[in-house]
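J.: Just passing along the structure, written as structure tokens.
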Amino acid sequence: MRDAFSSELIKLASKNPKLLLLTGDHGYGLFDGLRREHKKQYLNMGVAEQNMVGVASGLSRSGFRPLVYGLSSFIPVRVLEQIKIDVCHDNLPVIFLGDGAGFVYSHLGTSHQSTEDIAVTRAIPNLIIFSPADRFEMVSCLNLAYESQLPVYIRIGKSDIGDVHDKGINLNLGDLITIKETEPKIHFIATGSMVKKAIQLSKEFNDSSVSSAPCLKPINREQVLDICK
């Protein structure tokens, strides 16, 4: 998933010289391609995440398209106030990328674990939340985020446990994607890395249905209600 993100980011940077990637001293290997092909569009802001969001806000007001990358425990959790006030208050087109969400960095302790990022970002007005399950959803979410011209948080689980789709998808904002459909009494709705787990679990419940929710805010409530009915 991370490789797909990196490749798609290079494509976007090639089309738009005002697209900038800001990182808080993370992701060197991930952005080798971007630094090689578009080195002026890569900015290492150092270990100063709050300042980095403020810089991204100023850049967006000046016509640039900033993407702000960091570990999920830092972006967005450490910089919630800056995201809320500097970016979302004025609905600025800044994309936040939180890598290693959940328990992926379990061995690094609670300072690097990010289990509350969905809860806290859902409470921020104007902020869209994506949670892709595989490389195909990642590409679609990144392009939707770029096209939206709105504040967006993309949650990346880092631990790549395999694809849940067998080809590219066309994602509409808020929609669920049905991966397995039967006539079940049980229908799993999962997001991010848990979609793969839901597919595995569904085999233990008479091959029940599974849907992926790559967009958590907004979410298509009618779809959810139809599934519940």
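The values are calculated or read from the model by the stated rules, or taken from the named source; none is laboratory data. None of the values given here were measured: they were computed from a predicted structure. FYI the Cβ positions are ideal-geometry reconstructions off the backbone, even for glycines, and counts take in every protein chain you see. Heavy atoms of the whole protein, side chains included, go into the accessibility calculation; ligands, DNA and RNA do not. Shrake-Rupley method; radii C 1.70, N 1.55, O 1.52, S 1.80 Å.
J.: Being in contact with an Asp or Glu (Cβ under 6 Å, 6 or more places away or on another chain), at pLDDT below 90 and not hydrophobic (A, V, I, L, M, F, W, C) is the requirement here; does Lys158 meet it?
T.: Numbers: in contact with an Asp or Glu (Cβ under 6 Å, 6 or more places away or on another chain): yes; at pLDDT below 90: yes; not hydrophobic (A, V, I, L, M, F, W, C): yes.
Taking the combined requirement at face value, the residue satisfies it.
J.: Give the residue, chosen from Leu21, Leu9, Leu71, Leu80, that is surrounded by fewer than 21 Cβ atoms within 10 Å (Cβ to Cβ) and under 17 Å from the mean Cα position of the chain (by Cα). Lay out the reasoning, then the answer.
T.: Numbers: Leu21 fails: surrounded by fewer than 21 Cβ atoms within 10 Å (Cβ to Cβ); Leu9 fails: surrounded by fewer than 21 Cβ atoms within 10 Å (Cβ to Cβ); Leu71 fails: surrounded by fewer than 21 Cβ atoms within 10 Å (Cβ to Cβ).
After applying the criteria, what remains is Leu80.
J.: Also, quick follow-up: Would you mind stating whether Gly54 is open to solvent by 20 Å² or more (accessible area, probe 1.4 Å) and at positive phi?
T.: No, not satisfied.
J.: Something else now. Being buried (at least 21 other Cβ atoms within 10 Å of the Cβ) and touching a Pro at 6+ places or on another chain (Cβ under 6 Å): is that true of Cys215 here? Outline the logic, then answer.
T.: Details: buried (at least 21 other Cβ atoms within 10 Å of the Cβ): yes; touching a Pro at 6+ places or on another chain (Cβ under 6 Å): no.
It is false that Cys215 is buried (at least 21 other Cβ atoms within 10 Å of the Cβ) and touching a Pro at 6+ places or on another chain (Cβ under 6 Å).
J.: Quick one: which of Val87, Val68 is at negative phi, part of a helix (DSSP H, G or I) and in contact with a helix residue (DSSP H, G or I) (Cβ under 7 Å, 6 or more places away or on another chain)?
T.: On the way: Val68 fails: part of a helix (DSSP H, G or I).
That would be Val87, the only listed residue that is at negative phi, part of a helix (DSSP H, G or I) and in contact with a helix residue (DSSP H, G or I) (Cβ under 7 Å, 6 or more places away or on another chain).
J.: Right, something else. With the structure loaded, tell me whether Ile161 is assigned to a loop (DSSP other than H, G, I, E, B) and either open to solvent by 40 Å² or more (accessible area, probe 1.4 Å) or touching a residue at least 40 places away in the same chain (Cβ under 8 Å) (or both) or whether it fails that test.
T.: On the way: assigned to a loop (DSSP other than H, G, I, E, B): yes; either open to solvent by 40 Å² or more (accessible area, probe 1.4 Å) or touching a residue at least 40 places away in the same chain (Cβ under 8 Å) (or both): yes.
Considered against the rule, which asks whether it is assigned to a loop (DSSP other than H, G, I, E, B) and either open to solvent by 40 Å² or more (accessible area, probe 1.4 Å) or touching a residue at least 40 places away in the same chain (Cβ under 8 Å) (or both), Ile161 comes out as yes.
J.: For segment 99-122, indicate whether the set of residues that are farther than 20 Å from Asp3 by Cα, among the acidic types (Asp, Glu), touching a residue at least 12 places away in the same chain (Cβ under 8 Å) and open to solvent by 40 Å² or more (accessible area, probe 1.4 Å) is non-empty.
T.: yes
J.: Continuing with this model, one more query. Among the residues that make up segment 101-113, is at least one of them touching a strand residue (DSSP E or B) at 6+ places or on another chain (Cβ under 6 Å) and under 27 Å from Gly29 (Cβ atoms)?
T.: Of the residues in segment 101-113, the ones touching a strand residue (DSSP E or B) at 6+ places or on another chain (Cβ under 6 Å) are 101.
Narrowing the set further to residues that are under 27 Å from Gly29 (Cβ atoms) leaves 101.
Yes.
J.: What residue, among those in segment 174-207 that are part of a loop (DSSP other than H, G, I, E, B) and within 25 Å of Ser73 (Cα to Cα), is most open to solvent (accessible area, probe 1.4 Å)?
T.: Of the residues in segment 174-207, the ones part of a loop (DSSP other than H, G, I, E, B) are 174-176, 181-186, 191-193, 203-207.
Retained after the next criterion (residues that are within 25 Å of Ser73 (Cα to Cα)): 174, 191-193.
Working: Gly174: 2, Thr191: 34, Gly192: 5, Ser193: 50 Å².
Only one residue fits best here, namely Ser193.
J.: In addition: Return a yes/no flag: does segment 126-133 have any residue that is assigned to a loop (DSSP other than H, G, I, E, B), in contact with a helix residue (DSSP H, G or I) (Cβ under 6 Å, 6 or more places away or on another chain) and open to solvent by 70 Å² or more (accessible area, probe 1.4 Å). Steps first, answer last, please.
T.: Taking segment 126-133 first, the residues assigned to a loop (DSSP other than H, G, I, E, B) are 126-127, 131-133.
With in contact with a helix residue (DSSP H, G or I) (Cβ under 6 Å, 6 or more places away or on another chain) added as a condition, the list becomes 126-127, 132-133.
This time we only want the ones that are open to solvent by 70 Å² or more (accessible area, probe 1.4 Å), so: 126.
The answer is yes; a qualifying residue exists.
J.: Kindly establish whether Leu43 is open to solvent by 10 Å² or more (accessible area, probe 1.4 Å), in a strand (DSSP E or B), touching a helix residue (DSSP H, G or I) at 6+ places or on another chain (Cβ under 9 Å) and hydrophobic (A, V, I, L, M, F, W, C).
T.: Values: open to solvent by 10 Å² or more (accessible area, probe 1.4 Å): yes; in a strand (DSSP E or B): yes; touching a helix residue (DSSP H, G or I) at 6+ places or on another chain (Cβ under 9 Å): yes; hydrophobic (A, V, I, L, M, F, W, C): yes.
Spelling it out, Leu43 is indeed open to solvent by 10 Å² or more (accessible area, probe 1.4 Å), in a strand (DSSP E or B), touching a helix residue (DSSP H, G or I) at 6+ places or on another chain (Cβ under 9 Å) and hydrophobic (A, V, I, L, M, F, W, C).
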